[in-house]
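> Before anything else, here's the structure in question.
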Amino acid sequence: MSDLVAERARYVELIARRERISSKRLLDALAAVPREEFLPRGPWRIKSEAARSYRLTPNADPVHLYDNVLVAIDARRRLDTGLPSLWAHFIDMLDIREKDRVVQIGCGLGYFSAVLSMMVGPKGSVHAIECDERLAVRAANCLRGYGNVRVVNGDGCKDVGKPADVIIVHAGFPHPHPLWLEALRPRGRLLVPLTQRDREGAALKITRRANGFEAEAIQQIRIFPGHGRGVTALDDRVADWWQRASALAPLRFRSLAQGLPSD
């Protein structure tokens, strides 16, 4: 096997340079968390950001995972791990601090849950919600050494537990669910990909302000669709959200349910 410590250091340097990551806590977490511990045994099906199809790694050496590649969790469903550079960029923009309570909607096999665990520290917490029971069981097993992470098999559109400093949605939705907005603490931040049926869309960062909410579209995205209570297909009520997001236009609003279905 290759020197994985050195490979992780190179991987982190690549991501930091590409995305201009400013959070030392994030970079330290990426360097410390072994990506191979949150995947099935190799060889793995991987692909670059722009690739249409997977390629099989030549062997089970984890060195192949320390690149900016997607790794198949379920190739049949086109369900992959998050692209490291993309999610590192999103996490960096959320300004996650020690002692924060972070909620994940869709944690997959838990790699980024582990990264967030290290960022918030022992006095913070990560509440990782996964609707797929098999993935939730596997994630809980992978994360058993991370004492500040709780994995829940459930619907992240129905219950997120206590109020949160940060909510990260790891799947595409047609609108920000009112539950997520209500759950944000003052100055809390929500990251949600808004997508259409073809999985294309834009990621929004929404911040709770004293007199309402401020939404900032970050970048275009293509992502696996989410499921949950109150999720509707794109229609006239939510089209404005997606159109503004896809145009990367700023948006400010006060009502939790402006144009949004509540159940």
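The values are calculated or read from the model by the stated rules, or taken from the named source; none is laboratory data. Keep in mind the model is a prediction, meaning the values are calculated, not measured. Every residue, glycine among them, receives a Cβ derived from its backbone with ideal geometry; neighbour counts consider all protein chains shown. Heavy atoms of the whole protein, side chains included, go into the accessibility calculation; ligands, DNA and RNA do not. Shrake-Rupley method; radii C 1.70, N 1.55, O 1.52, S 1.80 Å.
> Looking only at residues in the stretch 150-163 that are closer than 20 Å to LYS99 by Cα and not in a strand (DSSP E or B), which one is least open to solvent (accessible area, probe 1.4 Å)?
Applying the filter and picking the extreme gives VAL160.
> Report, ordered by the first and then the second residue, all pairs with beta carbons closer than 8 Å, sequence separation of six or more or different chains, a first member in the stretch 100-116 that is basic (Lys, Arg), and a second member that is assigned to a loop (DSSP other than H, G, I, E, B).
Between residues of the stretch 100-116 that are basic (Lys, Arg) and residues that are assigned to a loop (DSSP other than H, G, I, E, B), the close pairs are ARG101/GLY124; ARG101/LYS162; ARG101/PRO163.
> Does THR57 satisfy the condition of being without any contact (Cβ under 8 Å) to a residue 40 or more places away in the chain and either crowded, with 17+ Cβ neighbours inside 10 Å or among the aromatic types (Phe, Trp, Tyr) (or both)? If you could, list the steps in order and put the result at the bottom.
Numbers: without any contact (Cβ under 8 Å) to a residue 40 or more places away in the chain: yes; either crowded, with 17+ Cβ neighbours inside 10 Å or among the aromatic types (Phe, Trp, Tyr) (or both): yes.
Here the answer is yes, as THR57 does meet what is asked.
> Given the conditions (1) surrounded by fewer than 24 Cβ atoms within 10 Å (Cβ to Cβ); (2) closer than 19 Å to SER23 by Cα, report the number of the one that LEU184 does not fulfil.
The single condition LEU184 does not satisfy is (2).
> Among the numbered conditions (1) under 17 Å from MET118 (Cα atoms); (2) modelled with pLDDT of 95 or more, tell me where ILE15 comes up short.
With (1) under 17 Å from MET118 (Cα atoms); (2) modelled with pLDDT of 95 or more applied to ILE15, the lone miss is (1).
> On to the next question. One residue is enough: does the stretch 76-90 have a residue meeting the conditions open to solvent by 30 Å² or more (accessible area, probe 1.4 Å), under 19 Å from THR207 (Cα atoms) and within 12 Å of the chain's Cα centre (by Cα)?
yes
> For residues that are polar (S, T, N, Q) and either free of Cβ contacts under 8 Å to residues at least 12 places away in the same chain or open to solvent by less than 30 Å² (accessible area, probe 1.4 Å) (or both), tally how many sit in the stretch 1-34.
1
> Anything in the stretch 31-56 that is touching a Lys or Arg at 6+ places or on another chain (Cβ under 6 Å) and not aliphatic (A, V, I, L, M)? List them, or say none.
Hit for the stretch 31-56 is TYR54, nothing else.
> Given the conditions (1) at pLDDT below 95; (2) touching a Phe, Trp or Tyr at 6+ places or on another chain (Cβ under 6 Å), and given that LEU109 satisfies all but one, which numbered condition is not satisfied?
Against the list (1) at pLDDT below 95; (2) touching a Phe, Trp or Tyr at 6+ places or on another chain (Cβ under 6 Å), LEU109 comes up short only on (1).
> Across the stretch 128-149, what is the number of residues that are without any contact (Cβ under 8 Å) to a residue 60 or more places away in the chain and either open to solvent by 20 Å² or more (accessible area, probe 1.4 Å) or basic (Lys, Arg) (or both)?
Here the count works out to 13.
> Within the stretch 187-214, track down each residue that is open to solvent by 10 Å² or more (accessible area, probe 1.4 Å), closer than 16 Å to VAL103 by Cβ and either in a loop (DSSP other than H, G, I, E, B) or out of contact with any Asp or Glu (no Cβ under 6 Å at 6 or more places or on another chain) (or both).
Once the filter is applied, which keeps residues that are open to solvent by 10 Å² or more (accessible area, probe 1.4 Å), closer than 16 Å to VAL103 by Cβ and either in a loop (DSSP other than H, G, I, E, B) or out of contact with any Asp or Glu (no Cβ under 6 Å at 6 or more places or on another chain) (or both), the stretch 187-214 yields ARG187, ARG189, ARG208.
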